[in-house]
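The values are calculated or read from the model by the stated rules, or taken from the named source; none is laboratory data. Only a predicted model underlies this, so the values are computations on that prediction, with no experimental measurement involved. All Cβ positions, glycine included, derive from the backbone under ideal geometry; neighbour counts span all protein chains shown.
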Number of protein chains: 2
Amino acid sequence: MEPRISLITLGVKDLERSLRFYRDGLGFPTTWKPEKGVIFFQTNGVCLALYPYEHLAKDVSDSFLVERARFSGITLAHNVRLKEDVDRVLQQAAAAGAEIEKPAQDAFWGGYSGYFSDPDGYLWEVAWGAFEIRDDGSLIIP
Amino acid sequence: MEPRISLITLGVKDLERSLRFYRDGLGFPTTWKPEKGVIFFQTNGVCLALYPYEHLAKDVSDSFLVERARFSGITLAHNVRLKEDVDRVLQQAAAAGAEIEKPAQDAFWGGYSGYFSDPDGYLWEVAWGAFEIRDDGSLIIP
């Protein structure tokens, strides 16, 4: 197995609402067309996909067709090159309809970060510090 | 905001158990040292991180410190270059202690895939088909 995550799929309640948030609000490029039931975004390194929640649960097996809890246990992070980008990205997300769950603040690990949640409550950390970022956007882990 | 996911963090119950699963079982490279409370894996494009569940919930805010449901709403996918790699990777995961939630099978979208869950129940799809894979492992979205 290569050490690689190819795709992250979020099970969403309303595909159109999530499309507006990620494509129009955050500016993620997509090849999506109305006849497609799944939406893929061409992000760097890993693709983000959106799929109706019930369909995604059932794609694993019927036993996963249950309500989500407030916390999924998973956070996605968007790391930025400049400290001031944290505030800028959080503002962009808020303008797109995100909930700011944690305003940007100095973090105990020496960086600066905040969290927003997307229309389904999926959590994104916007963070600066601790990692070097390559030109292609990928992180060099410390 | 660049269209980019930098990091995926899984909140885990037992860091040592998860370390054994991902480092020893799946073979993901890490720079982790025993004095570090968070484990980063150098995967291609996006980093995978493991962090104690309660710490991760509280890093967002205390209101997220709740039990997870059986389904997080999120799936990670590992896409492979050859159809027979799906069975090979699922076997490797099972040998590392994963639960096979869906045995490899032909998928309605024309590919071949199955799901395993990691020691905390996080779901990974192992899939072949539908996507072209670049030399660096990233997908070209259809």
Report, by residue number, each residue of the range B:24-45 that is in contact with a Ser or Thr (Cβ under 9 Å, 6 or more places away or on another chain) and either more than 10 Å from chain A (Cβ to nearest Cβ) or part of a strand (DSSP E or B) (or both).
B:39, B:40, B:41, B:44
Taking the range B:37-72 and keeping residues hydrophobic (A, V, I, L, M, F, W, C) and in contact with a His (Cβ under 9 Å, 6 or more places away or on another chain) leaves B:38
Please work out if residue B:93 is in contact with a helix residue (DSSP H, G or I) (Cβ under 6 Å, 6 or more places away or on another chain), farther than 25 Å from residue A:82 by Cα and surrounded by 21 or more Cβ atoms within 10 Å (Cβ to Cβ).
no
Starting from residues that are in a helix (DSSP H, G or I) and not charged (D, E, K, R), keep the ones in the range A:52-66 and report whichever is farthest from residue B:76 (Cα to Cα).
A:63
Any chance you could count how many residues in the range B:76-107 are more than 9 Å from chain A (Cβ to nearest Cβ) and without any contact (Cβ under 8 Å) to a residue 12 or more places away in the chain?
4
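Suppose we keep only residues that are of a type in the set (A, V, I, L, M) and at the interface with another protein chain (Cβ under 9 Å from one of its Cβ atoms) within the range B:49-75. Which one would you say is farthest from residue A:66 (Cα to Cα)? Let's see the steps before the verdict.
From the range B:49-75, those of a type in the set (A, V, I, L, M) are B:49-50, B:56-57, B:60, B:65-66, B:69, B:74; that's our starting set.
This time we only want the ones that are at the interface with another protein chain (Cβ under 9 Å from one of its Cβ atoms), so: B:49, B:56-57, B:60, B:65-66, B:69, B:74.
On the way: B:49: 26, B:56: 23, B:57: 21, B:60: 24, B:65: 19, B:66: 16, B:69: 8, B:74: 13 Å.
Of everything passing the filter in the range B:49-75, B:49 is farthest from residue A:66 (Cα to Cα).
Looking for whichever is in a strand (DSSP E or B) and not assigned by TED's automatic domain parsing to the domain that holds residue A:13 here; the options are A:69, A:127, A:49, A:93. Which one fits? Steps first, answer last, please.
Numbers: A:69 fails: in a strand (DSSP E or B); A:49 fails: not assigned by TED's automatic domain parsing to the domain that holds residue A:13; A:93 fails: in a strand (DSSP E or B).
Going through A:69, A:127, A:49, A:93 in turn, the sole match is A:127.
Keeping to the range B:108-140, report how many residues are in contact (Cβ under 8 Å) with a residue 40 or more places away in the chain, at negative phi and more than 9 Å from chain A (Cβ to nearest Cβ). Explain how you work it out, then say what you get.
Within the range B:108-140, the first condition is being in contact (Cβ under 8 Å) with a residue 40 or more places away in the chain, and the residues that meet it are B:115, B:118-129, B:131, B:133, B:136-139.
So of that shortlist, the ones also at negative phi come out as B:115, B:118-120, B:122-128, B:131, B:133, B:136, B:138-139.
Add one more test, that the residue is more than 9 Å from chain A (Cβ to nearest Cβ), and what stays is B:118-119, B:128.
The qualifying residues number 3.
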State the number of residues belonging to the range A:1-21 that are in a loop (DSSP other than H, G, I, E, B), within 12 Å of chain B (Cβ to nearest Cβ) and either crowded, with 20+ Cβ neighbours inside 10 Å or among the charged types (D, E, K, R) (or both).
4
